[in-house]
Amino acid sequence: MNSRLKEVIQVFARLGITAFGGPAAHIAMMRQEVVNRRRWMDDAGFLDLLGATNLIPGPNSTEMAIHLGKHRAGWKGLLMAGILFIVPAVLITGTFGWLYKAYGSLPQVKPFIYGIKPAIIAVILFAVFPLAKASVKNSMLAVLGIISVIAALAGLHEIIVLFGAGALYAAFAYGKDRLLLIQPLLLAAATLSEARLFLIFLKIGAILYGSGYVLFAFIESELVDTGFLTTQQLADAIAVGQFTPGPVFSSVTFVGYQLNGFSGALAATAGVFLPSFIFVALISRIVPKIRTSKLFAAFLDAVNVASVAVIASVCWQMGSESIISWQAALIFIASVVLFWRYPKINSALIVVLGSVAGWMLYML
């Protein structure tokens, strides 16, 4: 086994266990590992992969992990990064699914989540600033970044923000006569009949744009509205996705187990993640060529700015929901100070310390 593949295994095995907080936090932790600590690439290269990832359907942070594995260690790295980032979350979520089906309730984890969220916001902030600096190459991109933040905070769907920013900047840079027309991939969705869970979640994984949280709206439409899953089961699946590490999409393992036991969990998990490997494998061949075209490069520059803007808006929303007490504010400030004092500190350590502090302060 070569040294690069070993690095990929080490990084994503650890992130699969410690990456809490949703896609924005996962991407921030990946940046700290591959840009800050290990120097696999610079911020510009990381941004190109992030922008490309945001333009394809599926779970963003999982696809980013797959991209980074491919960049560092080729096709073996692609597979290992994706599998190692996904499997720990799936195993943990599957265990919760079994406990829930057997005993009808979830363990009490609120005290730990209480401290994790403020710490994660600090992790995201320290990733956003350098990425923003690398992405804003001129005044027009700076204006687009501000507009994208406002649009994302106003609730405009992130895929509209990303494609809109790209098209506007391409028009600005090369004129209306050379405007790049972008059409998102539209896949027809078959109606649910007696199809296997694998096909249901394969479809969801292939057409879902945006963050992992959009997943739950699809599950509601596919399984709750049709009577296969209860609203309470969906709510509990969302809770599991919030307090387990790794991709939020691992919640489908919980859902699959409720519907059809172990085989249901396996089918749902395989279905929802398979498109990510396929899409990244295809687009990984295209990204290097994009930079050779001035028009496509301009489009990607704007998408990169918009991607950072979307992450910043997520950070703001998380902060407004999580930092609502002096205890949470204290954990956030302490996390920021630690990052400021020790820039190369492992973000997983910040998350663990935040969790312990949350458990201690929650009792006060």
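The values are calculated or read from the model by the stated rules, or taken from the named source; none is laboratory data. If you're wondering where the values come from, they're calculated on a predicted model, not measured in any experiment. Positions of Cβ are generated from backbone atoms using ideal geometry, with glycine treated the same way; all protein chains shown enter the neighbour counts. Note: accessible area is taken over every heavy atom of the protein model, side chains too, but ligands, DNA and RNA are not part of it. Shrake-Rupley method; radii C 1.70, N 1.55, O 1.52, S 1.80 Å.
Some points to look at:
- One residue from Leu68, Leu91, Leu84 being farther than 27 Å from Glu321 by Cα, at pLDDT 90 or above, in a helix (DSSP H, G or I) and open to solvent by less than 10 Å² (accessible area, probe 1.4 Å): Leu68
- Ala151 vs. criteria open to solvent by less than 30 Å² (accessible area, probe 1.4 Å), more than 22 Å from Leu300 (Cβ to Cβ) and at pLDDT 75 or above: no
- Scanning segment 23-43 for residues that are assigned to a helix (DSSP H, G or I) and among the aliphatic types (A, V, I, L, M) yields Ala24, Ala25, Ile27, Ala28, Met29, Met30, Val34, Val35.
- Every residue from segment 32-43 that is among the charged types (D, E, K, R) and either open to solvent by 10 Å² or more (accessible area, probe 1.4 Å) or at pLDDT below 85 (or both): Arg37, Arg38, Arg39, Asp42, Asp43
Residue-by-condition table, conditions (1) open to solvent by less than 20 Å² (accessible area, probe 1.4 Å); (2) of a type in the set (S, T, N, Q):
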residue: Ser307; (1), (2): yes, yes
residue: Trp316; (1), (2): no, no
residue: Gly319; (1), (2): yes, no
residue: Ile323; (1), (2): no, no
residue: Val336; (1), (2): no, no
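- Matching residues in segment 185-206 - criterion: being among the hydrophobic types (A, V, I, L, M, F, W, C) and modelled with pLDDT of 75 or more: Leu197, Phe198, Leu199, Ile200, Phe201, Leu202, Ile204, Ala206
- Count of residues meeting criterion [within 19 Å of the chain's Cα centre (by Cα), of a type in the set (Gly, Ala, Ser) and either modelled with pLDDT of 85 or more or assigned to a helix (DSSP H, G or I) (or both)] in segment 245-267: 2
- Exactly one residue out of Phe129, Phe96, Phe20, Phe46 is at pLDDT below 80 and in a helix (DSSP H, G or I): that is Phe129.
- Selection within segment 85-107 - out of contact with any Leu (no Cβ under 8 Å at 6 or more places or on another chain) and in contact (Cβ under 8 Å) with a residue 24 or more places away in the chain: Ile86, Val87, Pro88, Ala89, Val90, Ile92, Thr93, Gly94, Gly97, Trp98, Lys101
- Positions within segment 273-305 being aromatic (Phe, Trp, Tyr) and open to solvent by less than 20 Å² (accessible area, probe 1.4 Å), in sequence order: Phe273, Phe299
Residue-by-condition table, conditions (1) more than 28 Å from Ala334 (Cβ to Cβ); (2) open to solvent by 10 Å² or more (accessible area, probe 1.4 Å):
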position: Phe12; (1), (2): no, no
position: Gly16; (1), (2): no, no
position: Gly45; (1), (2): yes, yes
position: Leu49; (1), (2): yes, yes
position: Ala52; (1), (2): yes, no
position: Pro57; (1), (2): yes, no
position: Trp75; (1), (2): yes, yes
position: Leu99; (1), (2): yes, yes
position: Ile116; (1), (2): no, yes
